[in-house]
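To keep things clear, I will list the structure first and then write my remarks on it.
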Amino acid sequence: MAQTTKTALITGSARGIGAAIALRLAADGFNIAFNDLNMSAFENNDIVDKVKEKGVEAEIFPADVSKHADCEKLVKDVKTRFGTIDVLVNNAGITRDVPTSMMTEEQYDMVIAVNQKSVFNMMKLVGKVMIRQKSGHIINLASVSGIYGNPAQINYSASKAAIIGMTKTVAKELGGRSITVNAVAPGFIHTPMTDKLTEEQRAAMLSRIAMKRYGEPEEIASVVSFLAGEDSSYVTGQVIEISGGLSM
Ligand code: NAD
């Protein structure tokens, strides 16, 4: 791959879907700005080396994206290191699944802060960079839980439904500046996040998936690649469900 001047910043990219997106966008020729809170996840895999093997530059920028001040430093540091931020993927996310009647205020607030407020922080700050550049692509990780709801996920489904509204709002704000803003809504994907499900939960999910299997992180990354590239230049404000035909 030839040297590139384009950069993709992916939050929560130490493992799972974020790491698969990093590898795919590196194969597409983007320099990769990794971000995560959990540095040990990078130590448990060789994702940064695998990305560099694609012939692009890569660096890790630790930050808690639920905190606005962390995001300010993150965006400043990535801009200083790479010069531009051409693609932003808001991928960092957590679950704290508990039935509504038993969920604590802390469990509710934490998921909203990490999944939802982070997307405000990053779209605000990277949006300013992209406005100056007069170009850019933002891709937000929503979820089928935000479209259909899911038991024990009032916090998570609220955060993911909010991301869909935020995506459409910022798409309208930035469309005139040649910046696209879209969301993907994965169904059940093989990652450390879904490894936590019980056998019963897994069987119940599979019975509702037309394709009768979980998705793989690479199957999310390929759609993100489309939304990050020029083939989707007239696509904005959209939510693409990637769920193997889920019905809930
Ligand atoms: P994962 O838990 O494997 O990875 C998430 C990463 O985000 C982790 O490396 C974690 O350390 C990081 N992170 C958590 N809090 C952070 C913070 N405050 N700041 C920075 N980084 C932080 O999860 P995943 O399954 O790869 O999910 C990635 C995204 O896809 C999430 O937004 C998730 O909600 C969404 N999603 C996943 C599925 C699925 O089935 N796995 C389905 C729908 C949506």
Within the range 68-79, how many residues turn out to be exposed (fewer than 14 other Cβ atoms within 10 Å of the Cβ) and within 15 Å of Arg132 (Cα to Cα)?
1
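So that you can scan it fast, the table gives a plain yes or no per residue for (1) within 16 Å of the ligand (Cβ to nearest atom); (2) touching a residue at least 40 places away in the same chain (Cβ under 8 Å):
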{"position": "Thr167", "(1), (2)": "yes, yes"}
{"position": "Val170", "(1), (2)": "no, yes"}
{"position": "Val184", "(1), (2)": "yes, yes"}
{"position": "Thr198", "(1), (2)": "yes, no"}
{"position": "Pro217", "(1), (2)": "yes, yes"}
Looking at the range 11-55 only, could you name the residues that are under 19 Å from Glu230 (Cβ atoms) and within 10 Å of the ligand (Cβ to nearest atom)?
Ile21
Hey, among the residues in the range 1-13 that are at pLDDT 95 or above and open to solvent by 10 Å² or more (accessible area, probe 1.4 Å), which one's nearest to Ala183 (Cα to Cα)?
Gly12
For the range 125-144, how many residues meet the condition of being open to solvent by 60 Å² or more (accessible area, probe 1.4 Å) and either farther than 14 Å from Val181 by Cα or touching a residue at least 40 places away in the same chain (Cβ under 8 Å) (or both)?
2
With respect to Thr104, determine if the residue is modelled with pLDDT of 95 or more, over 17 Å from Val184 (Cβ atoms), open to solvent by 60 Å² or more (accessible area, probe 1.4 Å) and away from the ligand (no atom under 14 Å from the Cβ).
yes
Quick one: how many residues across the range 69-97 are within 12 Å of the ligand (Cβ to nearest atom) and in a helix (DSSP H, G or I)?
3
Meets criteria (closer than 19 Å to Asn121 by Cα and of a type outside the set (A, V, I, L, M)) for Lys67:
yes
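Results for (1) in contact with an Asp or Glu (Cβ under 7 Å, 6 or more places away or on another chain); (2) open to solvent by less than 50 Å² (accessible area, probe 1.4 Å); (3) in contact (Cβ under 8 Å) with a residue 24 or more places away in the chain; (4) closer than 20 Å to Val126 by Cα, shown as yes or no for each residue.
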{"site": "Arg15", "(1), (2), (3), (4)": "no, no, yes, no"}
{"site": "Asp36", "(1), (2), (3), (4)": "no, yes, yes, yes"}
{"site": "Met39", "(1), (2), (3), (4)": "no, no, yes, no"}
{"site": "Asn44", "(1), (2), (3), (4)": "no, no, yes, no"}
{"site": "Ile47", "(1), (2), (3), (4)": "no, yes, yes, no"}
{"site": "Lys50", "(1), (2), (3), (4)": "no, no, yes, no"}
{"site": "Glu53", "(1), (2), (3), (4)": "no, no, no, no"}
Being assigned to a loop (DSSP other than H, G, I, E, B), touching a residue at least 40 places away in the same chain (Cβ under 8 Å), open to solvent by less than 40 Å² (accessible area, probe 1.4 Å) and not β-branched (Val, Ile, Thr): is that true of Gly29 here?
no
Could you please find all residues in the range 166-202 being open to solvent by less than 60 Å² (accessible area, probe 1.4 Å), of a type outside the set (S, T, N, Q) and not in a strand (DSSP E or B)?
Met166, Val170, Ala171, Leu174, Gly175, Gly187, Phe188, Pro192, Leu197, Arg202
For Glu59, indicate whether it is without any contact (Cβ under 8 Å) to a residue 60 or more places away in the chain, acidic (Asp, Glu) and either farther than 13 Å from Asn35 by Cβ or open to solvent by less than 30 Å² (accessible area, probe 1.4 Å) (or both).
no
Counting only residues in the range 203-215 that are outside any helix (DSSP H, G or I) and more than 10 Å from the ligand (Cβ to nearest atom), the one surrounded by the fewest Cβ atoms within 10 Å (Cβ to Cβ) is identified as Ser207
Residues being assigned to a helix (DSSP H, G or I) and open to solvent by less than 60 Å² (accessible area, probe 1.4 Å): count how many of those fall in the range 145-165.
13
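The values are calculated or read from the model by the stated rules, or taken from the named source; none is laboratory data. Predicted model only: the values in this text are computed from it and were never measured. Please note: Cβ atoms are built from the backbone with ideal geometry, for glycine as well, and neighbour counts cover all protein chains shown. Accessible surface is based on the protein model in full, side chains and every heavy atom, while ligands, DNA and RNA are left aside. Shrake-Rupley method; radii C 1.70, N 1.55, O 1.52, S 1.80 Å.
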